[in-house]
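Notes follow the structure.
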Amino acid sequence: MTTVIHIKTKEEFKKVLQIFNKKKWVWGSGDKPLEFINYWDYYKKETCIEYENNFRRADKEYYKKNGYKIISFKKFLKMEGIPKLSEEQTKFELIHCSEGVVKDNIKKCEGKHLQQVAYSSYHEAFTQICFGCKKIRTSLKKKEVNK
């Protein structure tokens, strides 16, 4: 019996695809997992994804009607041996600095740490979230962040 994971948020969907990507699993079409993050938008909180290589996705009702075993995202993480993060593990230091310092740190962390970088054209500011350094570096002014 094929197991499916019920995924309630887009963040959970991304995490599942990242895990599948590490396993070198592919969509039924042969495409890499992370190429279709927007698939969550079709069924949103009713999204389920098959827990096997050559996976596919559909809404929860489809899998219920067809007798699939449905598990939660939390149970999936447990089955994968991925521990729940403590509050301490999710704390980041916020650093306000110049755009140049943000860009320098983006380069320093590139290829070493998982990071997310954003540019706000409204604020004309860069923000780097580095998951390895546990730091958020931003050229946003403090008064802009606290609005």
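Quick note: the coordinates plus some simple rules give every number you see, no bench work behind them. These figures come from a predicted structure and were not determined experimentally. Every residue, glycine as well, gets a Cβ built from its backbone with ideal geometry; the counts of neighbours run over all protein chains shown.
With neighbour counts taken as other beta-carbon atoms within 10 Å, the residues H123, H6 rank, fewest first, as H123, H6. Among E35, E124, E50, the largest mean-square fluctuation in a Gaussian network model of the chain, built with springs joining Cα atoms closer than 10 Å, belongs to E124. Note on F92 and D104: the extension gain reaches 2.5 nm, defined as 0.36 nm multiplied by sequence separation minus the Cα-Cα distance. For the chain, the longest principal axis of the alpha carbon atoms and the long axis of helix 10-22 meet at an angle near 80°.
Applying a DSSP loop filter and a limit of 16 other Cβ atoms within 10 Å to the trypsin sites (Lys or Arg not before Pro) in the stretch 21-120 leaves K23, K24, R56, K84, K91, K112.
Projecting the Cα atoms of L140, I95, Y42 onto the charge dipole of the chain, computed from C-beta unit charges around the Cα centre, puts I95 farthest toward the positive end.
Order these by the 10 Å Cβ neighbour count, fewest first: E144, E110.
Details: E144 14, E110 11.
Exposure proxy ranking, most exposed first: E110, E144.
Basic side chains Lys and Arg get +1 at the Cβ, acidic Asp and Glu get -1 at the Cβ, and with that the dipole of the chain about its Cα centre reaches some 340 debye. Going from the residue with the fewest nearby Cβ atoms within 10 Å to the one with the most, L114, L140 rank L114, L140.
Show me the three semi-axes of the equivalent ellipsoid for the chain, from the C-alpha gyration tensor (sqrt of 5 times each eigenvalue), largest first, rounded to whole Å. Please list the in-between numbers first.
Values: eigenvalues 254, 49, 47 Å².
Equivalent ellipsoid of the chain: 36, 16, 15 Å, largest first.
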